[in-house]
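The values are calculated or read from the model by the stated rules, or taken from the named source; none is laboratory data. Note that the structure is predicted; figures quoted are calculated from it, not measured. Neighbour counts are summed over all protein chains in view; Cβ atoms, including those assigned to glycine, are modelled from backbone coordinates with ideal geometry. The area values use the complete protein model at the heavy-atom level, side chains included, leaving out ligands, DNA and RNA. Shrake-Rupley method; radii C 1.70, N 1.55, O 1.52, S 1.80 Å.
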Amino acid sequence: MQGRACALAILATGLMAGPASAYTAYVSNEKDNTMSVVDTATMKVVKTVDVGQRPRGITISHDGKFIYLCASDDNMIQIIDTATLQVVGTLPSGDDPELFVLSPDGKTLYVANENDNLVTAIDVDSKDVKTEIPVGVEPEGMAVSPDGKTMVNTSETTSMAHFIDTESHDVTDNVLVDTRPRFAAFKPDGSQIWVSAEVGGTVSVIDNAKREVVKKIRFAIAGLRAETIQPVGIAISADGKKAYVALGPANHVAVINTESYEVEKYILVGQRVWHLDFIPDQKTLITTNGNSNDITFIDTATDEPVQSVTVGQQPWGVVISPQ
């Protein structure tokens, strides 16, 4: 308990804080229908933007000019100009959009529609729906391969990762994972896809060529019951050597060696850590902590928490400007 109290004190006071590169982080706050804009150098909220109802999934165009935000209860995706922080348009997402992924060429947004059991592919320029792809029950996790040829969706109730050919839009493979898969992430070289299972308490590592699970990673934190350790968000470093997994109500992020699949460290952050994203220089990772209404900055050189910053109510997703 003393170690936990000490770590929490560090987060509260920011005693470990150091300078960060000047990027902007955008955080979707699910409960109060806002987006927090955070200066990563000063680690301060510089603006709070009113957005649609129940904002969850959030991403940014590759040139950094536009934010795409899932307004889930409005059944739309809002387009926000990063220069003015004004909503400048919408995309036709389908019912209850939750998570999405932008293709490597920036032209197509693939959206998980939880209530319709569909993945919607949207042409970003024309704002038209290109196609709707039937998948499993309660689709959520979305990832696209670095070469743009394969898209993966996870379905929570079906407990599968669905592999979709982005040219034909056909589901080519279905891989069974553990209960309630919430997120998917490709390794930078495209060789593997990592899928978190919130209720199953595991991360399944899937070989992209064989389309089969080659490793299941499990977690154990001293003093915590197994059912409180619920993997959700995943971020894999640009060099492919480390994976960071948000463990939900366990209030920790796991640091995993991607070669040995060993958990090297558990980092204490805020309450109900949900998603996470790297600052582009890879020196810092930012987590969203829904129940403590804050985000945590993590130094990736030491894998230590630097500082927590209060944002809106129930922060869900985070994306960081590419420049």
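Quick look at the numbers
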read-out	value
Residue-averaged 222 nm ellipticity for the chain, from DSSP H runs of 4+ at -39500 (n - 2.57), nearest 500	-1000 deg cm²/dmol
Global form of the range 216-265, assessed from the alpha-carbon gyration tensor, a/c cut-off 1.5	prolate
Three-way shape label, the range 113-198, alpha-carbon gyration tensor, a/c 1.5	oblate
Hull volume in cubic angstrom per residue (convex hull over the Cα atoms of the range 218-309)	85
Cβ crowding within 10 Å averaged over residues, with 295-306, 222-233 ranked highest first	295-306, 222-233
Whole-number percent relative contact order across the chain, with pairs defined as alpha carbons under 8 Å at least 6 apart	14
Gyration tensor verdict on the range 31-115 (Cα atoms; rounded if a/c is under 1.5, prolate if a/b is larger than b/c, oblate otherwise)	oblate
√(5λ) per eigenvalue of the Cα gyration tensor, the range 60-211, largest first, Å	25, 17, 14
Nitroxide proxy distance, nm - points 7 Å out along Cα→Cβ at residue 282 and residue 216	3.1
Alpha-carbon Rg/Rh ratio, for the chain, with Rh computed the Kirkwood way	0.94
Gain in span if fully extended, residue 323 to residue 130, counting 0.36 nm per residue against the direct Cα distance	66.5 nm
Reduced Cα scattering model of the range 162-259, Debye log10 I(q)/I(0), q = 0.20 Å⁻¹	-0.97
Exposure of residue 68 as accessible area (Å², to 10), given a probe of 1.4 Å and all protein chains	10
160, 142, reordered so the largest accessible area comes first (probe 1.4 Å)	160, 142
Charge dipole magnitude, Cβ of K and R +1, D and E -1 - the chain, Cα centre, debye nearest 20	1000
Stretchable slack from residue 167 to residue 62, in nm (0.36 nm times residue separation minus alpha-carbon distance)	35.7 nm
q = 0.13 Å⁻¹: log10 I(q)/I(0) that the Debye formula gives for the range 41-86, counting C-alpha atoms only	-0.31
With every protein chain in place, the chain: carbon and sulfur % of accessible area (1.4 Å)	46
Listed residues 271, 315, 124: farthest to the positive end of the dipole of the chain (Cβ charges)	271
Computed accessible area, residue 252, all protein chains, 1.4 angstrom probe, square angstrom	20
